[in-house]
Every structure is written in C-alpha cells, then in structure tokens.
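Where a number appears in this text, it was derived from the coordinates with a stated rule and is not lab data. Note that this is a predicted model, so its numbers are computed, not measured. Here Cβ is always computed from backbone atoms with ideal geometry, including for glycine, and neighbour counts include all displayed protein chains.
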Amino acid sequence: MPWSKNDYPDSMKNLEPDVREKAIEIANALLRDDTDEGRAIAIATAQARKAVNGDDSGRPRYEVKAREDDWVLLKEDGERAIFSEDTKEALLEKAKPYVNDHNGILAIYQEDGDLDITLYE
C-alpha cells in the first residue's frame, strides 16, 4: 500500500517532516520493486536521513550496553545512564523511541561488549 504525507507507518511519525517526506517517497519506490514492507521502511528511513541531512556528523550517538546487573542507554562516551532496565529487550523498548525522537544513531552491544548492530544510520 503506498504511503502519503498523511498516511505513513508509525515508525516514521517522529522523523523530521522533510526526512519523513523523502522516506515516504523512497519507501513507495521500494514497494513498487516488491521489497518487503519492513525492509522498505528501514532502508527508506536511512536513505532519507542521508539525503536530507548529509552525513551523520552532528547527530547524537547512543549506546545500549550491559552493566553488572542491568542494561543501560548512554550517550556515546557518557557515564550517566539515560535509561536502565533489567533486560536488554525491556531497555530497547524505551531506547529506540528515545533515540528516534532525538534523531540519533543507536549502537547496540552484546553482553560481552562486542558491537551487535547499529540502527538509524
């Protein structure tokens, strides 16, 4: 189903309006090429941010990391937790919307400290 300025996926609601418009345009093109809807949204959002904002410089970077007894969301090189939860999954439910609202980039680490995935680049 093609999206419009007034009808788009919930995951795009917190994007800046110009980024959202570009993401809708890209996602619709990907859907016409039979790309899976979830993949189309992710690709379109990343490409729209690059197209509108240029490179990633200036965007805040956040990290989800394990501590001794919990998981925390930190600003890159920060020491104070923005959020903390007992499980990684519970933390990600809070962290993803927060990072999206702040137009940030999210690095998610494994429990052993290795980088697992980076979102919203």
Projected label distance in nm at SER11 and ARG32, using a 7 Å step from Cα toward the beta-carbon: 2.2 nm
Anisotropy class of the chain from Cα gyration tensor, a/c 1.5 cut: prolate
C-alpha long axis of helix 88-101 to longest principal axis of the chain, angle in °: 50 degrees
Degrees separating the helix 37-53 axis from the principal Cα axis of the chain, which is the longest one: 90 degrees
Selected from GLN47, LEU73, LEU91, residue furthest toward positive end of dipole (region 4-121; charges at beta carbon): GLN47
Counting DSSP beta bridges with both ends in the chain, the antiparallel % (nearest 5): 75 percent
